[in-house]
Amino acid sequence: MSTANPDVKEHLSAAEEGTVAGIGYVRIPAHDLDELAEFYKSTFGMQQIGGFLDFAIMLNVGKTADEAIANRAPRLILDRRMKSNQQFGPNDNNCWTFMTKGIEHVIQRAEENGATIVMRPYSTVSQTGMVAGKFRDPAGNHIDLMEIGTDTSERLYLRSPGK
């Protein structure tokens, strides 16, 4: 802001305004980093793109590490310092949601790679029509899946009748 005329806003760059560009990464607890990294690589087609000392591994989706590094989607960090959400039910506390194409195939791969299926893919019982599935990864973390394209803007708001 100009101190000479407080009613005139100067044009600021995004960095000067402090804007949010999006989500950078999600962290998931991993008591066995290597085992869980292999699970996410084989289930979601992720590549390891980084690591932090002996407590974390960074992954992202891509056919190669270079493709995964270039991918602008949020990254996944497996972190052995975190506590699992395994003591909570399917709608308690935190969970992590991955957007998928071919959700039935993804959840099948998850099961083949050691996940415990909590809920097979289904259209949610609501007017949203979103297709979702749920599993627990080998570390016991609650993971949700959502089919891309079923979360359209007209379906993302659900209101009580008369509101």
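Okay, here's what the table says:
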| read-out | value |
| --- | --- |
| Single residue of region 123-151 satisfying the filter (in contact with a helix residue (DSSP H, G or I) (Cβ under 7 Å, 6 or more places away or on another chain) and not in a loop (DSSP other than H, G, I, E, B)) that is modelled with the lowest pLDDT | VAL131 |
| Residue match in region 58-69 (condition: closer than 19 Å to GLY114 by Cα and at pLDDT 90 or above) | yes |
| Top-ranked residue of region 84-111 - restricted to ones that are polar (S, T, N, Q) and not in a strand (DSSP E or B), ranked as modelled with the highest pLDDT | GLN108 |
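The values are calculated or read from the model by the stated rules, or taken from the named source; none is laboratory data. Quick caveat, the model's predicted, so the values are computed rather than measured. Cβ: placed from backbone, ideal geometry, glycine included. Neighbour counts: every protein chain shown.
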